[in-house]
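See structure below.
The values are calculated or read from the model by the stated rules, or taken from the named source; none is laboratory data. Only a predicted model underlies this, so the values are computations on that prediction, with no experimental measurement involved. Don't worry about glycine lacking a Cβ; one is built from the backbone with ideal geometry, like all the others, and counts go over all protein chains shown.
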């Protein structure tokens, strides 16, 4: 069973379209207009084993907020759609992800219940041209639209590039593990997620 979602999100602030395939080869093209975010999403698709194409035309002349938030919402919605009824998935996953001097912990539950908890900080206001205060907001928006519980913590590290990269890679690896088909049952004692 292929788990694929085509997505499109059009607002007065952004036009986003793309395609997500779980269980892919990490292929695809990312063009958000924010170079550092392109880099993070390239890493996300590679380490998650997702095929992902995503383009965004956003109102970057104002700032990055609308583009980053709407990309996260579109991508989270696509993940939710690709997971379907979530029958048979492993559901839970934890990833400790080292990135040189940095270590993060990502814990997820593909529960159908949106929640995001973030513990960490960034030393600089920007990484490349990416505004660092938008990083937790990206993950919060993604978790909400994906209907997942996501806990992220920067355990230690000095370099903001490494901190952010570790968070994106850790989420990718956790989703890869939690979305694996391991049975034919709905992974809940309630019988539904």
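Which residue, of 47, 39, is more than 28 Å from residue 193 (Cα to Cα) and either assigned to a helix (DSSP H, G or I) or at pLDDT 95 or above (or both)?
39
Within region 122-138, can one find any residue that is surrounded by fewer than 17 Cβ atoms within 10 Å (Cβ to Cβ) and more than 21 Å from residue 34 (Cβ to Cβ)?
no
Are any residues in region 146-186 buried (at least 22 other Cβ atoms within 10 Å of the Cβ) and more than 14 Å from residue 99 (Cβ to Cβ), and if so, which ones? Spell out the reasoning first.
Just the residues of region 146-186 that are buried (at least 22 other Cβ atoms within 10 Å of the Cβ), to begin with: 146, 148, 150, 152, 163-172, 174-175, 178-179.
Matches in region 146-186: 146, 148, 150, 174, 175, 178, 179.
Of all residues in region 51-66, how many are part of a strand (DSSP E or B) and either at pLDDT below 95 or surrounded by fewer than 16 Cβ atoms within 10 Å (Cβ to Cβ) (or both)? So that I can check it myself, show each step before the final result.
First, the residues of region 51-66 that are part of a strand (DSSP E or B): 51-58.
Within this subset, residues satisfying the condition of being either at pLDDT below 95 or surrounded by fewer than 16 Cβ atoms within 10 Å (Cβ to Cβ) (or both) are 55, 57.
So the count comes out to 2.
Give the residues of region 91-119 that are outside any strand (DSSP E or B), touching a residue at least 40 places away in the same chain (Cβ under 8 Å) and surrounded by fewer than 17 Cβ atoms within 10 Å (Cβ to Cβ), sorted by residue number. Explain how you work it out, then say what you get.
Start the filter on region 91-119 by keeping residues that are outside any strand (DSSP E or B), which leaves 91, 100-101, 110-114.
Subset that is touching a residue at least 40 places away in the same chain (Cβ under 8 Å): 91, 100-101, 110-112.
Within region 91-119, 100, 101 meet the criteria.
Which condition breaks for residue 138 when tested against (1) within 17 Å of residue 67 (Cβ to Cβ); (2) in a strand (DSSP E or B)?
For residue 138, the exception is condition (2).
Go through (1) under 12 Å from the mean Cα position of the chain (by Cα); (2) surrounded by fewer than 19 Cβ atoms within 10 Å (Cβ to Cβ) for residue 189 and report which single condition fails.
(1)
If I go through region 24-50 residue by residue, how many of them are surrounded by fewer than 23 Cβ atoms within 10 Å (Cβ to Cβ), without any contact (Cβ under 8 Å) to a residue 60 or more places away in the chain and more than 13 Å from the chain's Cα centre (by Cα)?
9
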